[in-house]
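Student: Could you have a look at this structure, given as structure tokens, before my questions?
Quick note: the coordinates plus some simple rules give every number you see, no bench work behind them. On a predicted model such as this, the values are computed, not experimentally measured, just so you know. Positions of Cβ are backbone-derived with ideal geometry, glycine not excepted, and every protein chain shown enters the neighbour counts.
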Amino acid sequence: MPALNHYLVLAAILFSLGLTAALTRRNAIMVLIGIELMLNAANLNFIAFWRFRPNPDEMVGIMFVLFSIAIAAAEAAIGLALIISLYRHYRTTDLDQVDALKG
Amino acid sequence: MPFKFFFYLIALFVLYSAYFVVTARNLFRSAMGLLAVLIGIAGMYLLLNAQFLSAVQVVVYIGGIVVLMVFAILLIADVTQKVFEQSPRWRQGLIGAASLLWFSLLAGSMLSYRFGAAAAAVDKSGSIREIGRALLSPAAGGYALPFEVISLLLIAALVGAVTVARADADNGEGKEGKA
């Protein structure tokens, strides 16, 4: 059984890669994909802490991730809707060119 | 130790796929990399005795979010285009260094902290039965209220997404909007 630290370090690497993806890529969808990577890293941390918990009856970790996944689904739907609406307006999803709040 | 073997196998798979997501030039390939990462994370949940979450991960993330992303990518981007616009080199280097620093901070604190007695895995898993009871129980320690709130949030998100993505009929763009 790998120790808790192994999972935490894996999640940390995943989070850093997601951060890099969200910040370096210029396409709005790529930014969203980076955010999904970071969310998954956080979820993995929750489950790892839940698995190695002292109290075996607590369900908090699993519940947190369950709700987090539901919120991630809502976030992805809204985010992609915004990106499509953005594309309709600007004809691009390059975030460096989308720099005005008022079209 | 098969557990350790599977852990490293899946970890390697997840990290390679995540690296692929970050470096792939093509948007569609990045989305496929995300798919692989999500499958790997579902495997990790299995290793961590969270079977129900593993299934939820596959159904919601892979069956929902990735498919939605692929739809959006196919709607708005030319995926046959080989190379997508990149950030300037200096910005990539700067962000890469910042991410590396962030990672070393995280990993340093996680490896140096002694989790000690609390970090001994107790052999008990959250079965679907327990999760279902906890999710719908209104008593203390139950999650009935958050469950209802999340359903409200999902409806709001659904209506909001449709409203935002719907083409404006006023300024003549209504004909092209199919989403």
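Student: Over region A:4-90, what relative contact order in percent results from Cα pairs under 8 Å that are six or more residues apart?
Tutor: Reported relative contact order: 27 percent.
Student: Can I ask one more? Ordered by residue, what ³J(HN,Hα) values in Hz, to whole numbers, does region B:91-97 give under the Karplus form 6.51 cos²θ - 1.76 cosθ + 1.60, where θ = phi - 60° and Gly and Pro are x?
Tutor: My calculation for region B:91-97 gives 5, 4, x, 4, 5, x, 5 Hz in order.
Student: At 10 °C and 1.306 mPa s, grab the translational diffusion coefficient of region B:9-78 from Stokes-Einstein with a Kirkwood Rh over Cα pairs, rounded to a whole number in µm² per second.
Tutor: 128 µm²/s
Student: Output the Cα-based Rg and Dmax of region A:1-58 in Å, rounding Rg to one decimal and Dmax to a whole number.
Tutor: Just the Cα atoms of region A:1-58 yield Rg and Dmax of 13.8, 45 Å.
Student: Can you work out the Karplus-derived ³J(HN,Hα) for every residue in region B:54-59? Use 6.51 cos²θ - 1.76 cosθ + 1.60 with θ = phi - 60°, whole Hz, and x for glycine or proline.
Tutor: Going residue by residue, I get 4, 5, 4, 4, 5, 5 Hz, with x marking Gly and Pro.
Student: Quote the relative contact order of region B:1-82 in percent (integer), defining contacts as alpha-carbon pairs under 8 Å separated by 6+ residues.
Tutor: Across region B:1-82, relative contact order equals 30 percent.
Student: Hey, another quick one. What is the P(r) of the protein assembly as shown, as percent of Cα-Cα pairs per 10 Å bin from 0?
Tutor: All Cα pairs, binned at 10 Å, distribute as 6, 26, 32, 23, 10, 2, 0 percent.
Student: In peptide B:16-23, what is the residue-averaged number of other protein chain Cβ atoms found within 10 Å of each Cβ?
Tutor: Mean partner-chain Cβ count within 10 Å for B:16-23: 6.
Student: Right, next: Compute the semi-axes of the equivalent ellipsoid of chain A, taking the square root of 5 times each eigenvalue of the Cα gyration tensor, and list them largest first in whole Å.
Tutor: After diagonalising the Cα gyration tensor, the semi-axes are 34, 16, 7 Å.
Student: Enter the mean number of other protein chain beta carbons within 10 Å of the beta carbon of each residue in B:68-76, as an integer.
Tutor: 6
Student: If one takes the longest principal axis of the Cα atoms in chain A, at what angle in degrees, from 0 to 90 and to the nearest 10, does the Cα axis of helix A:4-24 lie?
Tutor: Value to nearest ten degrees: 0.
Student: Sticking with this structure for a sec: From other protein chains only, count the Cβ atoms within 10 Å of every residue's Cβ in B:92-103, then give the mean.
Tutor: What the average comes to for B:92-103 is 4.
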